[in-house]
Protein chains: 2
Amino acid sequence: MTAPASRPQSIHLRGHNGAQGPAALAAAQPHQVQFYSANAEIYGQGEKARALYQVEFGAVRVYRLMADGRRQISAFHVAGEVFGFESDGHHHFFAEAICGSAVRIYTLPVGADVSREILPLALAALVRAQEHLMVVGRQHACERVAAFLLDMMDRQGELPSIELAMSRADIGDYLGLTIETVSRVFSKFRAKGYIRLSGSRSVDILKPEALLDMCV
Amino acid sequence: MTAPASRPQSIHLRGHNGAQGPAALAAAQPHQVQFYSANAEIYGQGEKARALYQVEFGAVRVYRLMADGRRQISAFHVAGEVFGFESDGHHHFFAEAICGSAVRIYTLPVGADVSREILPLALAALVRAQEHLMVVGRQHACERVAAFLLDMMDRQGELPSIELAMSRADIGDYLGLTIETVSRVFSKFRAKGYIRLSGSRSVDILKPEALLDMCV
DNA sequence: CGAACCGTTGATGGCTGTCAATTTTGGTGG
DNA sequence: CCACCAAAATTGACAGCCATCAACGGTTCG
């Protein structure tokens, strides 16, 4: 998982909310594809923002840090998804490649036509963020992990077998849990027969209904 | 706090991220102002969305419910702020007046010109939601309440004296805490001399630096 | 004046964080 | 192909924070 571009993950390009897909942003200016190796920074908090990013393959984490090192990942992005929205010309977050990844970079000619294309993407991101708030704010550890696994399954074509690009630490920082708690929940799900693990990053969802029930 | 339109809260209209204010959405169609009494529903989850909303006075909560009644408030909105963004033509959340409130309703002629106006508002909302994720996912109870109080102070013109429109239950559901925990933290802050309470909804911020320090 | 609601405070338990040790995994080099 | 190593993941013990349950005071409204 350290070698750049080592595993294209999933090339399934279905937009998650039906709002975004692999199609190019027609009105954006000529763009380029940039490769990032694992843990490479795509942009940093405070940087000037003048582009949008679309994952070609690989996976990206977008996060924020506190002074003492606590981290909150606000979103993961996989192939086809667009990220990098910012509100005042500056990035408020960090974005890093999780594994070797390719990202298409759209520079923005801040025009009305672009707004029309971008708005639905931004709104979808907003809804996702707000829904994730419910997970982090009001659900127990098991429910959070269940929601995460189902979300990942959903994004990888609803196949019952998923490949996680991210570590337990990433998952924990996404769900507001520690690595230990994430690990314990994985073990618990395995013991109950809900999932099967082949290595730590490969998960078979054996009983999606059981996981779905946990989300209430 | 129950009588409609009883207390205009703050008419200070400074947009929080500098991105939204009291100015009308120029390109939107003729609009109307609607009054809502306390706890009145403005829109419900699943409803068709065809409007944006701007608070004239009062306060609004936007939230989501789980089947068992757990609630997560994703945002509060006060005078001048715009809410009601949705991604696929349907509302994914509930919106209610917290106290008697007036809301200006903009019906949307889905055009490019409108997108240009709305996009910055949507992006600001996105950043706020993602920042709130950090609070809920990674901060302790005291830090969450401190962040909340400072945010409220910020929105009411940075005056050290703030009027809370919302109950402890609302605050708890916003911060991912119980009413008891919220109440305990308020008491703790009062004991430490960080705040002073005049009634349960009126708060004087005596040591904003102390609260700021807690947010790390 | 009583009922209902809201907020506060106390006692207790459980979930999850913390600390620590061990095992597994994945990668490297012989 | 196997040995070795560092990093990641798992598991256990324990503590602490916060949720839960409960009781009580204050305020509002009928």
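Where a Cα-Cα gap under 28 Å defines reach, which lysines qualify for B:Lys192, not counting those fewer than 8 residues away within the same chain?
By straight Cα distance, B:Lys192 reaches B:Lys207.
Tell me, what is the percent relative contact order of the range A:32-137, built from C-alpha pairs under 8 Å that lie six or more residues apart?
38 percent
Please sort by residue number the trypsin sites (Lys or Arg not before Pro) in the range A:137-216 whose DSSP state is loop and whose Cβ has at most 16 other Cβ atoms within 10 Å.
A:Lys192, A:Arg201
How high is the FRET efficiency from A:Glu180 to B:Gln32, r the C-beta distance, R0 60 Å, rounded to 0.05?
0.65
For the range B:32-134, evaluate the Debye formula with one uniform point scatterer on each Cα (no solvent term) and list log10 I(q)/I(0) at q = 0.10, 0.24, 0.25 Å⁻¹, rounded to two decimals.
-0.27, -1.51, -1.57
5 Å is the cut-off here: which amide hydrogens, built 1.01 Å from N in the peptide plane, fall below it relative to A:Ile42, excluding neighbours closer than 5 in sequence?
A:Ala95, A:Glu96, A:Ala97
Total Å² of accessible surface buried at the A-B contact, 1.4 Å probe, nearest 100?
Summed over both sides, the interface buries about 4100 Å².
For the modelled label position 7 Å from the Cα of B:Ala210 along Cα-to-Cβ, which residues of the range B:178-193 have backbone nitrogen atoms closer than 11 Å?
Answer for the range B:178-193: B:188-193.
What is the dipole size for the range A:39-187, taken about its Cα centre, with +1 at each Lys and Arg Cβ and -1 at each Asp and Glu Cβ, in debye to the nearest 20?
Result for the range A:39-187 is approximately 240 debye, rounded to the nearest 20.
Over the Cα atoms of the range B:141-214, what is the Rg over Rh ratio if Rh follows Kirkwood?
0.91
Can you grab the distance from the C-alpha centre of the range B:31-109 to the C-alpha centre of the range A:127-168, Å, no decimals?
27 Å
Can you find, among B:Tyr194, B:Gly137, B:Leu177, the residue farthest towards the positive end of the dipole of the range B:60-208? Put +1 on the C-beta of Lys and Arg, -1 on that of Asp and Glu.
B:Tyr194
Within the set of other residues whose C-beta is less than 13 Å from the C-beta of B:Arg61, count the net charge using Lys and Arg as +1 and Asp and Glu as -1.
That works out to -3.
Using +1 on the beta carbon of Lys and Arg, -1 on that of Asp and Glu, and nothing else charged, what's the dipole of the range B:59-103 about the Cα centre, debye to 20?
Magnitude of the dipole: close to 180 debye.
Please compute the net charge surrounding B:Ala210, taking Lys and Arg as +1 and Asp and Glu as -1 over other residues with Cβ under 14 Å from its Cβ.
So the surrounding residues net to +1.
How high is the relative contact order of the range A:141-214? Use alpha-carbon pairs under 8 Å, at least six apart in sequence, and give a whole percent.
38 percent
Answer with one residue from B:Ile105, B:Ala38, B:His90: the one whose Cα lies farthest towards the positive end of the charge dipole of the range B:32-134, charges on Cβ with Lys, Arg +1 and Asp, Glu -1.
B:Ala38
Using the Cα centre as the reference, give the magnitude of the dipole from point charges on the C-beta atoms of the range A:141-214 (Lys, Arg: +1; Asp, Glu: -1; all else neutral), rounded to the nearest 20 debye.
Here the size comes out at about 340 debye.
The values are calculated or read from the model by the stated rules, or taken from the named source; none is laboratory data. Bear in mind the structure is a predicted one, so any value in this text is a computation, not a measurement. A quick note on method: Cβ atoms are made from the backbone with ideal geometry, for glycine too, and the neighbour counts reach across all protein chains shown. Areas reflect the complete protein model, heavy atoms only, side chains present, ligands, DNA and RNA absent. Shrake-Rupley method; radii C 1.70, N 1.55, O 1.52, S 1.80 Å.
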